[in-house]
Amino acid sequence: MPSTTSLTPPTLTIGDITLRLPIIQGGMGVGISMAGLASAVAAAGGLGVIAAVQIGIIEADFHLNPLEATLRALRQQVQTAKDRSGGGPIGVNVMVALNNYDIIVKAAAEAGADIIISGAGLPLRLPGLVPEGTDPALVPIVSSGRAAGIVARRWVEHYDRAPDAVVVEGPLAGGHLGFKPEQIDDPRYALENLVPEVIEALRPFRTRRGTPIPVIAAGGVYTGADIYRFIKMGAAGVQMGTRFVATHECDASDRFKQAYLAATKDDVTIIQSPVGLPGRALKGRFIERSREGKKRPYTCTYHCLKACDYHKAPYCISMALINAQKGYLDAGFVFCGANVWRVDRLVSVQELMDELEAGYREAAARDQAA
Ligand SMILES: Cc1cc2nc3c(=O)[nH]c(=O)nc-3n(C[C@H](O)[C@H](O)[C@H](O)COP(=O)(O)O)c2cc1C
């Protein structure tokens, strides 16, 4: 367990990588976290993460060759991020729910990802998908102690290795949620309860370096004081998404970011996504129309999700998220965390990291003086 007797945030070690600050920028798909954001976070002492899902939108032939364009863009974005991060590490997030999951994991490893982070389903086969000659640290995202135990046990039995870290994502997170709709507001599933549960479930396991598996808390982490609280609870670090959207370097369009600035508590809603999971998003005309049954895909261009049957899906989630990323908010929707209404300005990644570090120090000082 990291020491909280110092005022300085602890470093975070995952595999061979040690981060100066225990902060992972969560992968945010369909063009929200690409090389721009990830390299800025890595240069500022955290882990920058590029989300692989539909990253091909930046390629001219994406609509014709979505998979090929995605693999090309992924390789190029990882390289660009590494070139710009001043040696800071770059991770890639790959959702298990993707049809081309195996191919994309392989491409991420070959592209030089330092860490592969994988959720939206249990990444039970992940270690077997990493090609020989590459050795990224492997980090599952789970939503319960039970899932953490299942993944760790499977990896040890089949691949003779445990995860290098585990992200536990609670119900306040942005994007897809690993909870049933009725669990989202149930305090039993609060991140404060899930973190100790996951630490306990992983206690019997050790990383390849013989150390306890670092547990990373995600979902609703907003301030440096929040980071202090979860580290005091035994987490080794945090993963944050929403706050990184509200930065100049985030790769989303300005209109996407302005939607965060304008959001009130009342604007936040839970949708049922074609991924087969609930997701948190900002209300808008697109979601309204899809709830009225007025928005249905006629054809499927991308074949992106294992669980999506486009004949039955209320809308094409790729199309909706691509439109939102580009700023056409009426033709799509904006994923966000539950704390989005607290966002009141755009800052640089460095300013955000400085604010989080200062907030951590203040919380530590207050706690130690008490
Ligand atoms: C716009 C957006 C897109 C996201 N896309 C992904 C994704 O592609 N894969 C994933 O595992 N998590 C995704 N997430 C979740 C984040 O990586 C992160 O874990 C989460 O947002 C943390 O909660 P917070 O936003 O309250 O900090 C997304 C979140 C947001 C806000």
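The values are calculated or read from the model by the stated rules, or taken from the named source; none is laboratory data. Just so it is clear, the model here is predicted, and its values are computed rather than measured. FYI the Cβ positions are ideal-geometry reconstructions off the backbone, even for glycines, and counts take in every protein chain you see. The protein model used for the area step is the full one, side chains on, heavy atoms only, and it has no ligands, DNA or RNA in it. Shrake-Rupley method; radii C 1.70, N 1.55, O 1.52, S 1.80 Å.
Worth pointing out:
- Segment 163-223 - percent of accessible surface contributed by carbon and sulfur, probe 1.4 Å: 54
- The relative contact order of the chain, computed from alpha carbon pairs under 8 Å that lie at least 6 residues apart in sequence, is 18 percent.
- Whether the chain is rounded, prolate or oblate, judged on the alpha carbon gyration tensor where a/c under 1.5 counts as rounded: rounded
- Put the Cα centre of segment 12-69 next to the Cα centre of segment 221-290 and the gap is 16 Å.
- Full-extension gain in nm, D102 to T269, via 0.36 nm per residue minus C-alpha separation: 56.9 nm
- Kirkwood hydrodynamic radius over Cα pairs of segment 229-323, then Stokes diffusion coefficient at 10 °C and 1.306 mPa s, in µm²/s: 101
- Environment charge of T247, counting only residues whose C-beta is closer than 13 Å and scoring Lys/Arg +1, Asp/Glu -1: -3
- With R₀ fixed at 45 Å, the C-beta to C-beta distance from E132 to K312 puts the FRET efficiency at about 0.65.
- A42 sits among other residues whose Cβ lies under 10 Å from its own Cβ, and their net charge, with Lys and Arg +1 and Asp and Glu -1, is +1.
- Stretching R203 away from I184 to a fully extended chain increases their span by 4.2 nm, per 0.36 nm per residue minus the current alpha-carbon distance.
- Surface composition of segment 1-54: carbon and sulfur atoms hold 57% of the protein heavy-atom accessible area at a 1.4 Å probe.
- Computed over protein heavy atoms with a 1.4 Å probe, the accessible surface of segment 7-94 works out to 32 Å² per residue.
- When the solvent-accessible area of segment 280-370 is split by element, carbon and sulfur atoms take up 51 percent of it, the probe being 1.4 Å.
- With an a/c value of 1.5 or above and a/b larger than b/c for the gyration tensor axes a ≥ b ≥ c computed over the alpha-carbon atoms, segment 311-352 is described as prolate.
- Segment 1-124: C-alpha gyration tensor shape, a/c 1.5 cut-off, then a/b vs b/c: prolate
- Above-threshold pairs, the threshold being 22 Å between Cα atoms, out of K180/K326; K82/K326; K82/K306; K283/K326: K180/K326; K82/K326; K82/K306
- Helix-only mean residue ellipticity at 222 nm for the chain, each DSSP H run of n ≥ 4 adding -39500 (n - 2.57), per residue, nearest 500: -10500 deg cm²/dmol
- Relative contact order, percent, segment 229-370 [alpha-carbon distance under 8 Å, six or more residues apart]: 31
- Over segment 254-331, accessible surface divided per residue gives 54 Å², non-protein components excluded, 1.4 Å probe.
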